[in-house]
Amino acid sequence: MIDDFIYNESEWPLLVITFPKREVNESDIENYLSHLYSYLQKKESVAVIIDIAKSSWLDAALRYKINNWVHENRVELRKYMKGTAYVVNGQLLRIALKAFLSFQDVSQVLKPIEVFSSVDKARKWAQLIIKQDSEVVELEVKQ
């Protein structure tokens, strides 16, 4: 379906999730969280870009649902999710999202977390995160 979430893992361990160009409902979020959980079950490091630039803002109940899921899965998220980038249109929306994230459990679990104006900028950042993680793992293996 053209208006569905897109999960692009072609650059693994970089995962790009694009939200649909429509209002997202509770069923959508449940499916989204189920997909995220399946990636955690791979037990592999991953950097995630969440592109919400063309999607509508989630209502409070859906944001709460995501926050609870993050809290419930925080151990796995901290272990495998090495960085999270959000892509949002508009400087005011980026500022609002940064402020919102700073007051949520999400920002403590999904560290490092950044907000960008484009997927390309987010990709460059995420690739650095992946590189740093692989260098740390390589160093740990050598010791």
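A few remarks follow.
- Each of Tyr32, Val119, Ile95 was scored by the projection of its Cα onto the charge dipole of the chain, and the greatest displacement toward the positive side belongs to Ile95; charges sit on the C-beta of Lys, Arg, Asp and Glu.
- In the chain, the longest principal axis of the Cα atoms and the axis of helix 26-40 are about 0 degrees apart.
- D_trans [Stokes-Einstein, Kirkwood Rh over alpha-carbon pairs] for the range 6-142, 4 °C, 1.567 mPa s, µm² s⁻¹: 85 µm²/s
- Tilt relative to the chain, helix 119-142 - C-alpha long axis, 0 to 90 degrees, to 10: 30 degrees
- Other residues whose C-beta falls under 13 angstrom from the C-beta of Ala122 contribute a net charge of 0, scoring Lys and Arg +1 and Asp and Glu -1.
- Degrees, to the nearest 10: 91-102 long Cα axis against longest axis of the chain: 60 degrees
- Among Trp12, Trp125, sorting on how many other beta-carbon atoms sit within 10 Å of each Cβ, with the fewest leading, yields Trp12, Trp125.
- With neighbour counts taken as other beta-carbon atoms within 10 Å, the residues Ser117, Ser55 rank, fewest first, as Ser117, Ser55.
- With a cut-off of 13 Å between beta carbons, the residues surrounding Asp59 carry a summed charge of -1, where Lys and Arg count +1 and Asp and Glu -1.
- Among Asp51, Asp120, the order by Cβ neighbours within 10 angstrom, fewest to most, reads Asp120, Asp51.
- Cut-off 13 Å between beta-carbons: net charge of the residues surrounding Leu14, Lys and Arg +1, Asp and Glu -1: -2
- Counting only DSSP beta bridges whose two residues both lie in the chain, roughly 20 percent are antiparallel.
- Ile66 versus Ser117: modelled label distance in nm, points set 7 Å from Cα along the beta carbon direction: 2.2 nm
- Among Tyr86, Tyr32, Tyr64, residue whose mean-square fluctuation peaks in a GNM of the chain (springs only between Cα atoms under 10 Å): Tyr64
- Using only side-chain charges placed at the Cβ, +1 for Lys and Arg and -1 for Asp and Glu, the dipole size of the chain relative to its Cα centre rounds to 440 debye.
- With the simple spin-label model, which puts each label point 7 Å out from Cα in the Cβ direction, the Arg22 to Lys124 separation comes to 3.5 nm.
All of the numbers you see were taken from the coordinates with simple rules; none came from a lab. What you see is a predicted model; the values in this text were computed from it and never measured. Quick reminder, even Gly has a Cβ in these numbers, built from the backbone with ideal geometry, and neighbours come from all protein chains shown.
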